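As structure tokens, the structure follows; a few thoughts come after it.
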Amino acid sequence: KNEVEQSPQNLTAQEGEFITINCSYSVGISALHWLQQHPGGGIVSLFMLSSGKKKHGRLIATINIQEKHSSLHITASHPRDSAVYICAVRSETSGSRLTFGEGTQLTVNP
Amino acid sequence: KAGVTQTPRYLIKTRGQQVTLSCSPISGHRSVSWYQQTPGQGLQFLFEYFSETQRNKGNFPGRFSGRQFSNSRSEMNVSTLELGDSALYLCASSSGGPSTQYFGPGTRLLVL
């Protein structure tokens, strides 16, 4: 079993829909990252969380440390949100090392 | 502030050769991490350098090595290339500790 699991693996939505991507992990963590990767490979860091909730524009990230679960929400989705979203954790015992989920491929149709 | 830069962006090598990739972090960042991304294995951590010292290492063979210079620029080297080393190699810089990582555009390596 992977230390970090994401669901769904693929997600297709219509423009304007509310989107949720989930991430579950099995180790104690010091931080959780949500990343966005567009075709061509460039990765952008969206959020880094260690507790609670963060919001940036139409994106919201939440984390429940007790349940070892995080969600990334996109409100009023747009075709430009189409990308791969990756969850990564920094465990308490592995220092700076990040362990990644497999990613969620999101396609938003106009 | 300039972002993280990586050179070269694309590289084609043959089996048995060696390769050196370069990463220049954001000014002021002292931590540089390297990652390998393949379709089969996804993103995997290679190693992290902080103030010229390797601080953490992933589960890769000794053919993968790296170093960091006093200006925080980092290089990674892969010796005796194998077909399976074909991948996108990403570096990311941060100020150190559990802070946001800023990724470079990556170097796409193809081993023939």
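The values are calculated or read from the model by the stated rules, or taken from the named source; none is laboratory data. Note that the structure is predicted; figures quoted are calculated from it, not measured. Note: ideal-geometry Cβ built from the backbone for every residue, glycine included; neighbour counts use all protein chains shown.
Answer yes if at least one residue in region A:56-73 is within 11 Å of another protein chain (Cβ to nearest Cβ) and closer than 30 Å to residue B:54 by Cα, and no otherwise. So far as region A:56-73 goes, no, none of its residues is within 11 Å of another protein chain (Cβ to nearest Cβ) and closer than 30 Å to residue B:54 by Cα.
For region B:47-88, a tally of residues being within 14 Å of another protein chain (Cβ to nearest Cβ), closer than 21 Å to residue B:11 by Cα and in a loop (DSSP other than H, G, I, E, B) returns 2.
Which condition breaks for residue B:40 when tested against (1) surrounded by fewer than 17 Cβ atoms within 10 Å (Cβ to Cβ); (2) assigned to a loop (DSSP other than H, G, I, E, B); (3) touching a Ser or Thr at 6+ places or on another chain (Cβ under 6 Å)? Failing condition for residue B:40: (3).
Note on region B:56-88: residues that are within 22 Å of residue B:3 (Cβ to Cβ) and either touching an Asp or Glu at 6+ places or on another chain (Cβ under 9 Å) or modelled with pLDDT of 95 or more (or both) total 12.
Could you tell me whether region B:16-23 includes any residue that is crowded, with 21+ Cβ neighbours inside 10 Å, away from chain A (no Cβ under 13 Å) and not in a strand (DSSP E or B)? Among the residues of region B:16-23, not one is crowded, with 21+ Cβ neighbours inside 10 Å, away from chain A (no Cβ under 13 Å) and not in a strand (DSSP E or B), which makes the answer no.
Working carefully through the options B:21, B:88, find the one that is over 19 Å from residue A:97 (Cα atoms) and hydrophobic (A, V, I, L, M, F, W, C).
Numbers: B:88 fails: over 19 Å from residue A:97 (Cα atoms).
After ruling out the rest, the residue left standing is B:21.
One residue stands out in region A:76-110 among those that are under 30 Å from residue B:55 (Cβ atoms) and among the charged types (D, E, K, R): the one that is farthest from the other protein chains (Cβ to nearest Cβ), namely A:92.
Where in region A:41-110 are there strands (runs of 3 or more DSSP E), lying fully within it, with 3 or more residues that are within 16 Å of the chain's Cα centre (by Cα) and among the aliphatic types (A, V, I, L, M)?
Working: elements: A:43-49, A:52-56, A:59-64, A:69-74, A:83-91, A:98-100, A:104-109.
Because the criterion is at least 3 residues that are within 16 Å of the chain's Cα centre (by Cα) and among the aliphatic types (A, V, I, L, M), the strands (runs of 3 or more DSSP E) in region A:41-110 that meet it are A:43-49, A:59-64, A:83-91.
Condition first: crowded, with 19+ Cβ neighbours inside 10 Å, without any contact (Cβ under 8 Å) to a residue 24 or more places away in the chain and closer than 30 Å to residue B:5 by Cα. Can you find one or more residues in region A:25-44 that meet it? Looking through region A:25-44, none of the residues is crowded, with 19+ Cβ neighbours inside 10 Å, without any contact (Cβ under 8 Å) to a residue 24 or more places away in the chain and closer than 30 Å to residue B:5 by Cα.
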